[in-house]
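The values are calculated or read from the model by the stated rules, or taken from the named source; none is laboratory data. If you're wondering where the values come from, they're calculated on a predicted model, not measured in any experiment. Backbone-built Cβ (ideal geometry, glycine too); neighbour counts: all protein chains shown. Accessible surface is based on the protein model in full, side chains and every heavy atom, while ligands, DNA and RNA are left aside. Shrake-Rupley method; radii C 1.70, N 1.55, O 1.52, S 1.80 Å.
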Amino acid sequence: MRLAFSTLGVPGLPIPDVIRLAATHGYHGVELRAHPEEPVHPGIDLAGRADVAAEFKAGGIEILGLAGYARVAAPGDDGPVIEEIRSLLGLARDLGAPYIRVFPGGGHEQSTERADATAARRLGTAAEYAADLGVRILLETHDSHRRAADAIRILGRVGHRHVGALWDVMHTWLGGEQPAESYAALSPYLGYVQVKDIASADDTTPLPLGAGVLPLTECVEVLSRHGWDGWLCWEYEKRWYEEAAPLPELLAAGREHLGRLLNECA
């Protein structure tokens, strides 16, 4: 498995500094938070996109994916959601990123069936654009569909190889799933895995990997047992928790922790 980290952990950091952090601390790739607060987002022009792609290539670091904020199950018209996804897909194509991340985002005023159908319809439409651009859309286990069992209700309806799953291990754990259950459900669709650590279900302030309660050992073990060889991406949510320790000073120990888990589970 290869290791990456998300720029959610280093809000607003210039791209050259992001690349330097990854290279210095032994990470193979980076997940870019695609938001207007960040250096990379769908609003940047073609020249800016070419510059970013060239910087990553020169630094020997891969762009794992773009973490977007489209909510595919949200109430409302399909058009704006599909357009948001298309803009992310275009940016990913220009940067050479294989994946974009979308959220479920179902509203409380919807029935489960309605939310599932809405998300599947939008993803089915967007999948055709994704196929044309050679990018894969990944639905994260999050918010209204935090369990793998929830996400596959949508993914099973879509049935398109350019739509898959992003396994956020915190959300499936908060939803009461065991790692083996989550993997079994998501494995036909799995793009990559987001790892992190927290103190408890009531305190989700990010912690160094291995310092909290999330079942990271079990997650890596089940992935290793099934011969999965994709990406583990550390999503450290510094943007939402200003009091959290700075990510750069944790990256080396985080890589070492993941390396130990991989060696122990090999």
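Taking 1 over the mean of 1/r across every pair of different Cα atoms in the chain, what Kirkwood radius in Å do you get? Don't skip to the end; give the middle numbers.
Working: mean 1/r = 0.0541 Å⁻¹.
With all distinct Cα pairs of the chain included, I get 18.5 Å.
Taking all protein chains in place and a 1.4 Å probe, what share, in percent, of the accessible surface of the chain do carbon and sulfur account for?
Heavy-atom surface of the chain belonging to carbon and sulfur, 1.4 Å probe: 50 percent.
Please calculate how many Å² of accessible area the chain carries per residue, with a 1.4 Å probe and no DNA, RNA or ligand atoms counted. Don't jump to the answer; show the numbers that get you there.
Numbers: 10920 Å² over 266 residues.
Each residue of the chain exposes 41 Å² on average to a 1.4 Å probe.
Each Lys and Arg adds +1 at its Cβ and each Asp and Glu adds -1 at its Cβ; summed about the Cα centre, the chain shows a dipole of about 660 debye. In the chain, a dipole from Cβ-located charges (positive for Lys and Arg, negative for Asp and Glu) runs towards its positive end, and of Gly43, Gly90, Gly227 it is Gly227 whose Cα lies farthest in that direction.
The residue list Ser182, Leu216, Leu247 was ranked by how far each Cα lies along the charge dipole of the chain toward its positive end, using unit charges on Cβ atoms, and Ser182 comes out on top.
Based on DSSP H segments of at least four residues, each scored -39500 (n - 2.57), the chain has a per-residue ellipticity at 222 nm of -13500 deg cm²/dmol.
To the nearest 20 debye, what charge dipole does region 64-167 have about its Cα centre, counting +1 at the Cβ of each Lys and Arg and -1 at the Cβ of each Asp and Glu?
Working: 13 positive and 13 negative charges, 67 e Å.
Rounded to the nearest 20 debye, it is 320 debye.
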